[in-house]
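This report refers to the structure that appears directly beneath it.
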Amino acid sequence: MLPQEVIRRKRDGAALSRDEVQEFIAGLTSGSVSEGQVAAFAMAVFFKGMSREEAVGLTLAMRDSGTVLTWDLPGPVVDKHSSGGIGDNLSLMLAPMLAACGLYVPMISGRGLGHTGGTLDKLDSIPGYVTQPGLDLFRKVTRDAGCAIIGQTADLAPADKRLYGIRDVTATVESIPLITASILSKKLAAGLQHLVLDVKVGSGAFMATMEEAVGLAESLVAVANGAGLRTTALITDMDEPLAPYAGNALEVAHACGFLTGEIVNRRVMEITLALGAELLLSARIDSDAETAKARLRNTIDTGAAAERFERMVAALGGPTDFLRDHQKYLIQAPIIRPVFADENGVVASIRTRELGLAVIELGGGRRVATDMIDHRVGLAQLLGKGFAADFNTPLCWVHAADEASFERAAAIVKSAYSVGDAPGKSTAIHARIAA
Ligand code: URA
């Protein structure tokens, strides 16, 4: 069938058959479908949408465009995916916590996108850590440590790589069926059995409203389950930074402190335990959420999660003593200085996206895909909503490479915070979406 006929039918609002979608994606992968045709297809889907059945077909066709991993492991194979936010370093803690519960977590993560940070950029702060190992090493580390966090490889879902690149430059990224197929094709290619999605909502998320976040979560959950991957989603708050640190090495240091029990953070713990419990319940390791959360919590208290993290880092080329001695390995920025609010008061609201932009201003994120990242820089000890800001308590500490970037970031941070009388009310988890 001709690609232009598939595009024409989608343009006119028809539901495409599995065969049509499969053939189009095969042509997209082999290169026989031109860039112009892929762009037109993406735009037709953007305007006409897709039924759940079509989105499942698209997701499976994209999964099958490359290697689909299979695992022969003594426990369930699981993963967590976040739609992205500020101070969202949960993967670094949750993967080893799950591994310590007997689950296996082959986690394929991304780089920073827009104003949000990416797990891979954070891991690049660890000297020696290989974020692009071959599939053999990926498999070995997943088996031996129980978790391996790496970057996208060329073999998994190559159709997504081409389609995403074309969507990026044709204003067709923000399409729920295309986002759904893009995320899930990679998860399915990784051979997962259970998935939990952390869909962020609020001023620092891609989905600013509950309606948008629920729409994305429902699509992801329905299509994932339709494609045979048991999946639930939590909609969690991004109206303030999750961890009180934003910036690559700073978020890694926070994760190390969390895993060793030296840093205690209520919101981070609440969301981490809730996401992990979804997977333990889905995999039938536990039958109620409280038992699952206690099991996860225990991995911190006993040091079992810390030990898994240490094993993963060492197996992927990092220092063997990284966890305990991370301050020795994570390079500090030359300027570390507080930023205060102009008046005393309580943090009422935070324009969280601005904090992500401040990190980019410091050099900790990218303006264009080819930008190099300065892993040292970022924002530390960020005040959350409802906390008092006064002349002794800064909004945060800015870690900067030079005076000029410090000044620019400090101005953005000050404008992002509203300090007043009314304490901001904070809810960490807004909703749960299941099939
Ligand atoms: N992340 C992805 O992997 N794909 C999208 O389309 C959007 C976010």
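The values are calculated or read from the model by the stated rules, or taken from the named source; none is laboratory data. As the structure is a prediction and not an experimental result, all values here were calculated from the model. Methodologically, a virtual Cβ is constructed for each residue, glycine included, from the backbone with ideal geometry; neighbour enumeration extends over all protein chains shown. Side chains included, ligands, DNA and RNA excluded: accessible areas come from the protein's heavy atoms. Shrake-Rupley method; radii C 1.70, N 1.55, O 1.52, S 1.80 Å.
Yes or no, residue by residue, for (1) in contact with a Leu (Cβ under 6 Å, 6 or more places away or on another chain); (2) within 16 Å of the ligand (Cβ to nearest atom); (3) within 16 Å of ALA255 (Cα to Cα):
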position	(1), (2), (3)
GLY31	no, no, no
MET50	no, yes, no
ALA55	no, yes, no
SER65	no, yes, no
LEU69	no, no, no
VAL78	yes, no, no
VAL105	yes, no, no
GLY117	no, yes, yes
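For the stretch 357-377, indicate whether the set of residues that are charged (D, E, K, R) and in a helix (DSSP H, G or I) is non-empty.
yes
So that you can scan it fast, the table gives a plain yes or no per residue for (1) at pLDDT 95 or above; (2) open to solvent by less than 10 Å² (accessible area, probe 1.4 Å); (3) in contact with a Phe, Trp or Tyr (Cβ under 8 Å, 6 or more places away or on another chain); (4) not charged (D, E, K, R):
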{"residue": "ARG143", "(1), (2), (3), (4)": "yes, no, yes, no"}
{"residue": "GLY151", "(1), (2), (3), (4)": "no, yes, no, yes"}
{"residue": "GLY165", "(1), (2), (3), (4)": "no, no, no, yes"}
{"residue": "VAL169", "(1), (2), (3), (4)": "no, no, no, yes"}
{"residue": "LEU197", "(1), (2), (3), (4)": "yes, yes, no, yes"}
{"residue": "VAL214", "(1), (2), (3), (4)": "yes, no, no, yes"}
{"residue": "SER219", "(1), (2), (3), (4)": "yes, yes, no, yes"}
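Given the residues MET43, MET93, MET97, which is the only one that is closer than 30 Å to MET210 by Cβ, in a helix (DSSP H, G or I) and over 24 Å from the mean Cα position of the chain (by Cα)?
Exactly one of MET43, MET93, MET97 is closer than 30 Å to MET210 by Cβ, in a helix (DSSP H, G or I) and over 24 Å from the mean Cα position of the chain (by Cα), namely MET43.
List the number of the failed condition for VAL252; all other conditions in (1) away from the ligand (no atom under 16 Å from the Cβ); (2) touching a strand residue (DSSP E or B) at 6+ places or on another chain (Cβ under 6 Å); (3) closer than 30 Å to PRO74 by Cβ; (4) in a helix (DSSP H, G or I) hold.
Status for VAL252: all satisfied but (2).
Looking only at residues that are over 17 Å from the mean Cα position of the chain (by Cα) and within 15 Å of the ligand (Cβ to nearest atom) in the stretch 181-223, which one is nearest to PRO158 (Cα to Cα)?
ALA189
Only one of PRO177, PRO96 is in contact with a Cys (Cβ under 6 Å, 6 or more places away or on another chain) and either within 14 Å of the ligand (Cβ to nearest atom) or in contact (Cβ under 8 Å) with a residue 60 or more places away in the chain (or both). Can you tell me which?
PRO96
Within the set of pairs 6+ apart or on separate chains, which have a first residue in the stretch 355-384 that is in contact (Cβ under 8 Å) with a residue 12 or more places away in the chain, a second that is open to solvent by 20 Å² or more (accessible area, probe 1.4 Å) and aromatic (Phe, Trp, Tyr), and C-beta atoms under 8 Å apart?
Short answer, once both residue conditions are applied: GLY378/TYR245; LEU379/TYR245; LEU379/TRP397; ALA380/TYR245; ALA380/TRP397; GLN381/TYR245; GLN381/TRP397; LEU382/TYR245.
Check GLY75, GLY87, GLY102 and return the single one that is open to solvent by 10 Å² or more (accessible area, probe 1.4 Å), touching a Phe, Trp or Tyr at 6+ places or on another chain (Cβ under 8 Å) and in a loop (DSSP other than H, G, I, E, B).
Of the residues listed, the single one that is open to solvent by 10 Å² or more (accessible area, probe 1.4 Å), touching a Phe, Trp or Tyr at 6+ places or on another chain (Cβ under 8 Å) and in a loop (DSSP other than H, G, I, E, B) is GLY75.
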